[in-house]
1. Within the stretch 287-304, can one find any residue that is free of Cβ contacts under 8 Å to residues at least 24 places away in the same chain and in contact with a strand residue (DSSP E or B) (Cβ under 9 Å, 6 or more places away or on another chain)?
2. Might you let me know whether the stretch 263-275 holds any residue that is outside any strand (DSSP E or B), within 30 Å of the chain's Cα centre (by Cα) and among the aliphatic types (A, V, I, L, M)?
3. Applying the selection to the stretch 214-242, what residues are acidic (Asp, Glu) and touching a residue at least 60 places away in the same chain (Cβ under 8 Å)?
4. State yes or no: is Pro210 modelled with pLDDT under 95, of a type outside the set (Val, Ile, Thr) and either in the same structural domain as Val166 (by TED's automatic domain parsing) or more than 30 Å from Tyr156 (Cα to Cα) (or both)?
5. Residues of the stretch 34-76 being within 17 Å of Lys150 (Cβ to Cβ), in contact with a helix residue (DSSP H, G or I) (Cβ under 8 Å, 6 or more places away or on another chain) and of a type outside the set (Ser, Thr, Tyr), which ones?
6. Among the residues of the stretch 259-283, write down those that are among the polar types (S, T, N, Q) and free of Cβ contacts under 8 Å to residues at least 12 places away in the same chain.
Amino acid sequence: MAFNPGRFALPVNPTVLGDPGRSPSLALDPYNVLGVPRTATEAEIKKAYRAKAKALHPDLHPNDEKKSDEFKRVSAAFEILGDAEKKAKFDRGEIDGDGNPRGFPGGGGPGDGYRWDTRGGGAAQGDPFEDILSGMFGGGGRRRNPGPMKGRDVRYRVEISFEDAVTGARRRMTMADGSALDVNIPAGITSGQVLRLKSQGQPSPTSGPPGDALLEVEVAASPIWTREGNHLRMSVPIDLKKAVLGGNVDVKTPSGTVSLKVPPGSNTGAQLRLKGKGVQASPPGDLYVRLEIMLADPKDEGLRRWAEKS
């Protein structure tokens, strides 16, 4: 999927969420956030939520950003598990811990292929801990204003080329509002990993910091290479003469074409290694080349007579 130029370019160094080599989930597991097992009853879920919400509420911890973030995560987790329909969808794997549908939906969205999803980033809906605050502060039970809230995150799903995932790249993408960002794609990124672009999301409605832009990456398949961790594999055809006598063959790598020396007496299936020509991580991986003998002209009469005499 192409990155499209926009009017306002802004270089961004994204944060990668998740470990390289596996496909992490962006959303937290609400069961883990509330500290309850998947077999927990509705009453147990509600009890765990009340305890955590009471301990973490911003009214008790003013200007404590860490506890404020934990409070938001707990509230978001209860928004899923405290709703029977959402809980059932999460348990079936239909939505993630943020309430977003799993997988890549069909069709495009605004921004030429980038899907803009404004869900997430806020606290749970409604006012489920009114009685908690009433017990703590004694009074009408209405929540005090917890102060400025962070703006909502904006979610995108974007496809990048296999080569960009292997070597790393700097690409320009168009955001939902028409602005453009120059995004640094780190070498070694895999499908399912997420790039977080700080402060590139929705503005806060309460004069707080803006949300972030979250780019979930899908790496396109390559017709030439396959990836195993930080190593790459490919097949290269050579003719019979080169297999018998040896020689050099041009090999295409993600970072350019190199010359590979084929030793005399090579056979189909022989593997040669190009050190450091795999994924450009730290340290870089290698590229393994499998030789395949191909006859330049299977109907060559001289070759036929040689085979008949053998």
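1. No, because not a single residue in the stretch 287-304 is free of Cβ contacts under 8 Å to residues at least 24 places away in the same chain and in contact with a strand residue (DSSP E or B) (Cβ under 9 Å, 6 or more places away or on another chain).
2. No: the stretch 263-275 contains no residue that is outside any strand (DSSP E or B), within 30 Å of the chain's Cα centre (by Cα) and among the aliphatic types (A, V, I, L, M).
3. Glu216, Glu218
4. It is true that Pro210 is modelled with pLDDT under 95, of a type outside the set (Val, Ile, Thr) and either in the same structural domain as Val166 (by TED's automatic domain parsing) or more than 30 Å from Tyr156 (Cα to Cα) (or both).
5. If the condition is that a residue be within 17 Å of Lys150 (Cβ to Cβ), in contact with a helix residue (DSSP H, G or I) (Cβ under 8 Å, 6 or more places away or on another chain) and of a type outside the set (Ser, Thr, Tyr), then Leu56, His57, Pro58, His61, Lys67, Glu70, Phe71, Arg73, Val74, Ala76 are the ones that fit.
6. Answer for the stretch 259-283, where residues must be among the polar types (S, T, N, Q) and free of Cβ contacts under 8 Å to residues at least 12 places away in the same chain: Ser259, Ser282.
The values are calculated or read from the model by the stated rules, or taken from the named source; none is laboratory data. Being a predicted model, the structure only gives us computed values, none of them experimental. Cβ coordinates were reconstructed from backbone atoms using ideal geometry, including for glycine residues, and neighbour counts include every protein chain displayed.
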